[in-house]
Amino acid sequence: MTDRRYSEEEVAKILEAATEVREAGDRSLPSGDASGDGVTLAELQDIGREVGIPEESIELAASRLDAPVPAGSDVRFLGRRIGVGRTVYLDRRLSDREWDLLVVDLRETFNARGKIRQEGSFRQWSNGRLQALLEPTDSGERLRLKTVKSGARTSIVMGATILTLGAVALAQTLVGSGGLTVRGASGFLMLLVGAFFGSRWFRLPRWAATRTRQMEDVSDRLVAALSAADQADEGGEG
């Protein structure tokens, strides 16, 4: 089986995801990349090793690059993401202690106590619309992280409606009487109220980016912790 080869752009993405060290992005690629064939995972790990990036971090970042985006993970409304999600597949089940540590990480990351619920092999941590669902699969478990911005649709629709009505009322007043009447003042006030509600539309990208990064951090820490635990068990057996 031919080793997967990564392009220069993919290498940059993997290094960025694998470490916060900025100088890693300035590393030149191996000479073999000049042919256009790309870089293998082993070669990429060699680059990372030279700048202090663990092999496990490189492998994890590369797997994220190749992982398919779960269908329906993002919810959009009028061109904005009002819901985000991330799914990570695990090759084994979490122990009770590992689940407890995951809950601790969720609470610290999202600064929320949340509620824990378990039904058979299904486990859940939730805080309002923010949910972490641990579900069984044929080969292990999957962790689904998802959330939807509370009241986003209502605020955006209300803002757009009030802005439109206010603009119409103000325009009719100015055109009809040439001055600012009570109706015109009401229209101006409606514009301000509409702008207040509609401003959430402009803040949504930052909210979505923050939640996405938090979900990626939680899932990456979980995968790294499980990998370290499995390696420790193998070392103990040896």
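Table: residues versus (1) at positive phi; (2) modelled with pLDDT of 90 or more; (3) exposed (fewer than 14 other Cβ atoms within 10 Å of the Cβ).
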{"residue": "LEU192", "(1), (2), (3)": "no, no, yes"}
{"residue": "ARG211", "(1), (2), (3)": "no, yes, no"}
{"residue": "SER219", "(1), (2), (3)": "no, yes, no"}
{"residue": "SER227", "(1), (2), (3)": "no, no, no"}
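The set of residues in region 78-93 being more than 19 Å from THR212 (Cβ to Cβ), touching a residue at least 60 places away in the same chain (Cβ under 8 Å) and among the charged types (D, E, K, R) consists of ARG92 alone.
Rundown of residues vs (1) out of contact with any Phe, Trp or Tyr (no Cβ under 8 Å at 6 or more places or on another chain); (2) under 22 Å from VAL223 (Cβ atoms); (3) modelled with pLDDT of 90 or more, yes/no style:
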| site | (1), (2), (3) |
| --- | --- |
| SER73 | yes, yes, no |
| ARG76 | yes, no, no |
| GLY79 | yes, no, no |
| VAL84 | yes, yes, yes |
| ARG97 | yes, yes, yes |
| LEU101 | yes, yes, yes |
| LEU106 | no, yes, yes |
| THR109 | yes, yes, yes |
| ARG113 | yes, no, yes |
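Just one of (1) more than 24 Å from LEU133 (Cα to Cα); (2) at pLDDT 75 or above; (3) touching an Asp or Glu at 6+ places or on another chain (Cβ under 9 Å); (4) surrounded by 14 or more Cβ atoms within 10 Å (Cβ to Cβ) fails for LEU29. It is (2). Only one of the listed residues (GLU16, GLU59, GLU20) is outside any strand (DSSP E or B) and modelled with pLDDT under 70. That residue is GLU20. Candidates in region 124-142 are the residues that are over 21 Å from the mean Cα position of the chain (by Cα) and not small (Gly, Ala, Ser); of these, the one that is nearest to TRP99 (Cα to Cα) is PRO136.
When residues of region 130-158 are filtered for being modelled with pLDDT of 65 or more, of a type in the set (Ser, Thr, Tyr) and over 15 Å from THR212 (Cβ atoms), how many remain?
So the count comes out to 3.
Would you be able to tell me the number of residues in region 94-129 that are in contact with a strand residue (DSSP E or B) (Cβ under 9 Å, 6 or more places away or on another chain) and either basic (Lys, Arg) or in contact (Cβ under 8 Å) with a residue 60 or more places away in the chain (or both)? Residues meeting the conditions: 10.
Can you work out which of the residues in region 86-95 that are hydrophobic (A, V, I, L, M, F, W, C) and over 17 Å from the mean Cα position of the chain (by Cα) is nearest to ASP217 (Cα to Cα)? Per the criteria, the residue is LEU90. Consider ARG183 carefully, then state whether it is modelled with pLDDT of 55 or more and either assigned to a helix (DSSP H, G or I) or more than 21 Å from ARG86 (Cβ to Cβ) (or both). When the stated conditions are applied, ARG183 does not pass them.
The values are calculated or read from the model by the stated rules, or taken from the named source; none is laboratory data. Just so we're clear, the structure is a prediction, and the values are computed from it rather than from any experiment. Don't worry about glycine lacking a Cβ; one is built from the backbone with ideal geometry, like all the others, and counts go over all protein chains shown.
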